[in-house]
Each structure stands twice: as structure tokens, then as C-alpha cells.
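Just so it is clear, none of the values below were taken in a lab; they were calculated from the coordinates. These numbers come from a predicted model, not from an experiment. Neighbour counts run over all protein chains shown; Cβ positions are idealised from the backbone, glycine included.
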Amino acid sequence: GTEGHRKDLGYSESVFWVFEQAGVRQVLVDGTVGSVNPLLEVGDVVIPHDFIDLRTRTSVSFTQGRLVRMKDPTCPHLRAVLRQVGLETGFKRVFRKGVYAVTEGPRFESVTEVENLRRMGADIVGQSMAPEVYFARALRMCYAGLYIPGNFAEGVNEDWETQDYWDVCQQIARPTAQVMLT
């Protein structure tokens, strides 16, 4: 039922509210990202151990009255499982660590922004790891994600076309689904 449903929550908060009500203890996610680290190739797999949240909009729904520590924001056990299954599924390069820089869309980052992300220690950039990673932490859920560069971030390695990105998304859809469902 909807009794007790909080009407003040945004989309991500609503999803995590439902997770909490359902007793969810582990959250696995996947997505495509931009490669900030020039050593990462399109189609590699990165399982981030940390993140940089550069968004300006933030929610405190699940953090009110709590100190949410982010020393180890992602679950080492789930990261290890994702890496093993990723390798077994046939991904050639699966990195067990990486730093995900979270930005706000709907646009891609500029060349100068990407240079700054690289200086900050980011390996990949996207728009989907936060606030979810700290909602999970605030609600005592184990969280891990599998992210695949679908393009190079602006100014990294080589130029790319929008169609190249969509082609990569098509190529990785099935093996990514296999990892997440295993």
C-alpha cells in the first residue's frame, strides 16, 4: 500500500524509499560513462571504489539527523563479484577500482572541465552514481556499480561521434545484462 509514502521525495529518493520498505540490502547498478583516464578504452569495465559528487542539486531526505560517512562508499564484496562475473562473461578488461566523477546533465562536460576532473583523480564521468551511492549508505545498503565507457570524455584520446556512442551501447547491452543477472 501507499500508507506512509513520502510525497516530498524526488525520483531517486522514491526508489530508495521503496527499497528500504521492501528490505533491500544490496543494490547493483550499471551504466555507460565517459572515459576521463586516457588509459581506459571504450568498452572497458570500471567498478568504482569511490566517487566525486560535483552536482549542485542535493537531497537530504535520508540523511537528516544522521552522519553518513563515505570512507568506503561502495561494497568491496559486491565489487569483487561484479569483477569476477564480468571477466567470466567475456569482458576483456575489468578494473576493480576507479573514481567516478558525477556531474549534472543533460550536457557532456567541456574539455576544461574534463582536464579538471582528471586532476581531481577521476577515471570516468557520468550522471548516475550520486545521490544513489549515499542514499544506499544512509539506509545501510551495500552498493556497487559496473560502468562501461561508451565514449571518451571531451579532449581525451580521440574525437568521437554520437553514433559511435550508440553503437557501443548496443554492443555492450547483452553482456552487461548477463553480468547483472548472474
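Quick look at the values:
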{"quantity": "Cα-centred dipole magnitude for the chain, charges only on beta-carbon of K, R (+1) and D, E (-1), debye, nearest 20", "calculated": "960"}
{"quantity": "Spread of Cα-to-Cα distances over 10 Å intervals beginning at zero, given as percent, for the stretch 4-129", "calculated": "11, 36, 35, 16, 2"}
{"quantity": "FRET E, pair I52, Q84, Förster distance 25 Å, beta-carbon r, rounded to 0.05", "calculated": "0.40"}
{"quantity": "Simple label model, 7 Å out from Cα along Cβ direction - K71 to E158, nm", "calculated": "4.4"}
{"quantity": "Nitroxide proxy distance, nm - points 7 Å out along Cα→Cβ at E104 and A173", "calculated": "3.1"}
{"quantity": "For peptides 76-86, 169-179, sequence by mean Cβ density within 10 Å, most packed first", "calculated": "76-86, 169-179"}
